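Have a look at the structure below before the remarks.
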């Protein structure tokens, strides 16, 4: 990533501000409500860092005449035209569609031939429980998203995809476990 390029946190901040002007704390509360940890690894300090960076870079501006000494915690920002353009440009990059981050479990699977057989079975059971718990978590989240948006919203479609991927993984885990017997 070149110096000055927008980070994931910067893009999330710009996107949130494109929805509506808000201050840093309000943004963090909304991101927690949207369970940011499920789709992006962003911390609260990163939000404030991005607000300062984007403000200094001209991608966002104060949305009110509030005293700037209040800081990014309570200072309401909105994206500038430049910020909206840079957000759109960043979202057009090919890298969004041509990368795959390896999941730790897949890395473990590649290395598992070196594990004790009883540990392989135990890990598969742990993974199955984790995947089932994820499905149990995502089902009510999907209902809440649909109630707040629509059945065809992007967020609803993403959660449906996650549920389908988890179901496929459960079937795959059955095959892996059958091989281990």
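The values are calculated or read from the model by the stated rules, or taken from the named source; none is laboratory data. On a predicted model such as this, the values are computed, not experimentally measured, just so you know. Cβ sites come from the backbone with ideal geometry, for glycine too, and all protein chains shown count toward neighbours.
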Look at residue 135 and say whether it is in contact with a helix residue (DSSP H, G or I) (Cβ under 6 Å, 6 or more places away or on another chain) and assigned by TED's automatic domain parsing to the domain that holds residue 166. yes
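Being part of a helix (DSSP H, G or I) and in contact (Cβ under 8 Å) with a residue 40 or more places away in the chain is the filter; apply it to region 39-58 and report the residue that is nearest to residue 78 (Cα to Cα). Can you show your working first?
If we filter region 39-58 for residues that are part of a helix (DSSP H, G or I), which is where we start, we get 44-56.
Okay, now just the ones that are also in contact (Cβ under 8 Å) with a residue 40 or more places away in the chain, so 49-50, 53-54.
Numbers: 49: 16, 50: 13, 53: 14, 54: 10 Å.
The qualifying residue nearest to residue 78 (Cα to Cα) is 54.
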Would you mention how many residues in region 13-38 are under 18 Å from residue 93 (Cβ atoms) and surrounded by fewer than 20 Cβ atoms within 10 Å (Cβ to Cβ)? 2
Exactly one condition in (1) modelled with pLDDT of 95 or more; (2) closer than 30 Å to residue 140 by Cα; (3) touching a helix residue (DSSP H, G or I) at 6+ places or on another chain (Cβ under 7 Å) is not met by residue 21; state its number. (3)
Just to be sure, is residue 72 assigned by TED's automatic domain parsing to the domain that holds residue 21, modelled with pLDDT under 90, over 30 Å from residue 174 (Cα atoms) and in contact with a helix residue (DSSP H, G or I) (Cβ under 7 Å, 6 or more places away or on another chain)? yes
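Tell me the residue from 161, 173, 106, 142 that is within 23 Å of residue 41 (Cα to Cα) and more than 18 Å from the chain's Cα centre (by Cα), please. Full working, then the answer.
Numbers: 161 fails: more than 18 Å from the chain's Cα centre (by Cα); 173 fails: within 23 Å of residue 41 (Cα to Cα); 142 fails: more than 18 Å from the chain's Cα centre (by Cα).
Matching residue, one of 161, 173, 106, 142: 106.
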